[in-house]
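Working notes, structure below.
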Amino acid sequence: MEIFLAIVIGAAFGAVLDRIGATNPTLIGKMLNLANLHLMKTILLAIGTASILMFGGQMLGLVDVGHMSVKTAYVGVFIGGLMLGLGWAASGYCPGTGVCAAASGRKDALFFIAGGLLGAAAYMATYPMWKASGLLSGSALTLGQVPGSKYDALLPGVPGDVAGIVMGAAFVLIAFLLPPSLTGRSKVAAPAE
Amino acid sequence: MARLESWGMRRFCVCGAFPANDCMSHCSFLRRGPSLPRRLTLIWIKVIWRGLRYILKIECNGSEQMTLSWKVGGLALGLVFFLAVLLVKPIGVSTQFVILDGILWDAASPGVVTQTDEGYTSTNAYLAKSGGKYAKSVANPLNYSFVFVLAMMAGAAASVFARGGLGADERRAPALWRANFGDGAGKRYLVAFLGGFIVLYGARLAGGCTSGHMMSGMMQTAISGYVFAVGAFAAAIPTALLMFKAED
């Protein structure tokens, strides 16, 4: 059953990533150089939608809180984020969109995957060094205390599900308020609505 | 023809394309004489297909080949992330690069991953961490997360194929790259390779990537997700501003 879900949800994820343009490095590049924020609006709306649905569903008892998986926050998350951001902007791919782009016929994405496999292997080799540095230690925190979850809160007094819905609404609001372009130099056609 | 008229379809063929008087000449499936239910099924597939194409067409942002409007695209993407956490667990991708590395490594030199009484472990400290959960995935590649990434590739390929595929130029290097650095593929391949290296090294150091940290993390109000997103955009935006000055 799990494998069946992996196939269905995975295929839907890949198809949607293609249809929103996330597998096209041109659209990633134009989002990151602020010329065309169409994809940024898409991503913000997606995070907001998913957040509201998940926390709303938890409040109604329809979504299993145990399915949450919160990663640990540590200094390495920020350093790793900087590295990923640099490579993401230069290549136009992140791990997920890279494999999708390669599958859809982009040859440069095959080089991205080859580099990625080598980069992951390099991390596997240097992991003990990072571990010893102490930069990998931290705790897995959510913004507020999510009822029934095993994770601690950054703000213990705040109910985590309410905080999740508020944050989700904020993402949706930013998606609507964000202009189509911040540089004004791109000829951004208004999407048909 | 007599049978067609008896269904009250004097003016148009069942295929909807031509007047009924020369139906037999253009509808090969009528000549072969399949059953009525089968004919109706074919018509309905056609109607649904045309409807889907119509919806996709009006929802597309004309300036960028077949891109959904941000409202439709954002809702669709959000729904996928929600379904994942509703039915199984949050989406993540970058771990699977480590798993594939492990599979290749273990195939090249057997013994990298070994079974123990409690589960799996590895001679590599990273594969052995957290009670050997990565080692276990290497030993059993047919697990949820690995199949998820394979399915994701199939889904993206099907979507690209359905909208007509990519041109030869685009397959070699994306339009924005060509506008800034020319048509030569070598430089593009080199940057894609180096980019892949630093992206996956960074993602493993951070413990997740754009999917796992930024999307899945921030939707759960995970502090690590916000930290990661700030770091990623702090590096990505200046890089893109410096690299991509020309429009495609």
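Could you check B:Val80 against (1) among the hydrophobic types (A, V, I, L, M, F, W, C); (2) over 19 Å from B:Ser211 (Cβ atoms); (3) without any contact (Cβ under 8 Å) to a residue 12 or more places away in the chain and say which number it fails?
That leaves (2) as the condition not met.
I'd like to verify a number: residues in segment B:104-144 that are outside any helix (DSSP H, G or I) and not aromatic (Phe, Trp, Tyr), how many?
Residues flagged as outside any helix (DSSP H, G or I) and not aromatic (Phe, Trp, Tyr) within segment B:104-144 amount to 19.
I need a count of the residues in segment B:155-185 that are over 12 Å from A:Ala6 (Cα atoms), within 7 Å of chain A (Cβ to nearest Cβ) and of a type outside the set (Lys, Arg).
Number of matching residues: 12.
What are the pairs, 6+ residues apart or on separate chains, where a residue within segment A:117-143 that is facing chain B (nearest Cβ under 7 Å) has its Cβ under 7 Å from a residue that is among the acidic types (Asp, Glu) and surrounded by fewer than 18 Cβ atoms within 10 Å (Cβ to Cβ)?
A:Leu141/A:Asp152
Table: residues versus (1) among the basic types (Lys, Arg); (2) assigned by TED's automatic domain parsing to the domain that holds B:Leu68; (3) out of contact with any strand residue (DSSP E or B) (no Cβ under 9 Å at 6 or more places or on another chain); (4) within 19 Å of B:Ser94 (Cβ to Cβ).
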| position | (1), (2), (3), (4) |
| --- | --- |
| B:Ser122 | no, no, no, yes |
| B:Gly131 | no, no, no, no |
| B:Tyr134 | no, no, no, yes |
| B:Asn143 | no, no, yes, yes |
| B:Phe146 | no, no, yes, yes |
| B:Met152 | no, no, yes, yes |
| B:Gly155 | no, no, yes, yes |
| B:Ser159 | no, no, yes, no |
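How many residues are over 26 Å from A:Val16 (Cβ atoms) and free of Cβ contacts under 8 Å to residues at least 40 places away in the same chain when one looks only at segment B:169-187?
Qualifying residue count for the region: 7.
Based on what the data block shows, is A:Tyr127 closer than 22 Å to B:Val93 by Cα, part of a loop (DSSP other than H, G, I, E, B), modelled with pLDDT of 95 or more and touching a helix residue (DSSP H, G or I) at 6+ places or on another chain (Cβ under 7 Å)?
no
Scan (1) small (Gly, Ala, Ser); (2) surrounded by fewer than 24 Cβ atoms within 10 Å (Cβ to Cβ); (3) under 18 Å from the mean Cα position of the chain (by Cα) for the single condition A:Ala122 breaks and write down its number.
(3)
Report yes if B:Arg204 is among the charged types (D, E, K, R), facing another protein chain (nearest Cβ under 7 Å) and free of Cβ contacts under 8 Å to residues at least 24 places away in the same chain, otherwise no.
For B:Arg204, the condition - among the charged types (D, E, K, R), facing another protein chain (nearest Cβ under 7 Å) and free of Cβ contacts under 8 Å to residues at least 24 places away in the same chain - is not met.
What number of residues in segment A:47-57 are more than 14 Å from B:Pro90 (Cα to Cα) and surrounded by 23 or more Cβ atoms within 10 Å (Cβ to Cβ)?
Of the residues in that region, 2 qualify.
Considering only residues of segment A:59-68 that are facing chain B (nearest Cβ under 7 Å) and buried (at least 18 other Cβ atoms within 10 Å of the Cβ), which is farthest from A:Val146 (Cα to Cα)?
For segment A:59-68, the residue satisfying everything is A:Val63.
Test each condition in (1) buried (at least 17 other Cβ atoms within 10 Å of the Cβ); (2) farther than 20 Å from A:Ile43 by Cβ for B:Pro174 and report the one that comes out false.
Exception for B:Pro174: condition (2).
Go through (1) more than 20 Å from B:Asp101 (Cα to Cα); (2) part of a helix (DSSP H, G or I) for A:Gly96 and report which single condition fails.
(1)
Looking at segment B:127-165, which of its residues are surrounded by fewer than 19 Cβ atoms within 10 Å (Cβ to Cβ) and at positive phi?
Answer for segment B:127-165, where residues must be surrounded by fewer than 19 Cβ atoms within 10 Å (Cβ to Cβ) and at positive phi: B:Ser130, B:Gly131, B:Gly164, B:Gly165.
Which of (1) on the phi < 0 side of the Ramachandran plot; (2) buried (at least 24 other Cβ atoms within 10 Å of the Cβ) does B:Thr221 not meet, given it meets every other one?
(1)
Can you name the number of the only condition in (1) more than 8 Å from chain B (Cβ to nearest Cβ); (2) assigned to a helix (DSSP H, G or I) that A:Pro147 fails?
A:Pro147 satisfies all of (1) more than 8 Å from chain B (Cβ to nearest Cβ); (2) assigned to a helix (DSSP H, G or I) except (2).
The values are calculated or read from the model by the stated rules, or taken from the named source; none is laboratory data. Note that this is a predicted model, so its numbers are computed, not measured. As a convention, Cβ positions derive from the backbone with ideal geometry for all residues, glycine included, and neighbour counts pool all protein chains shown.
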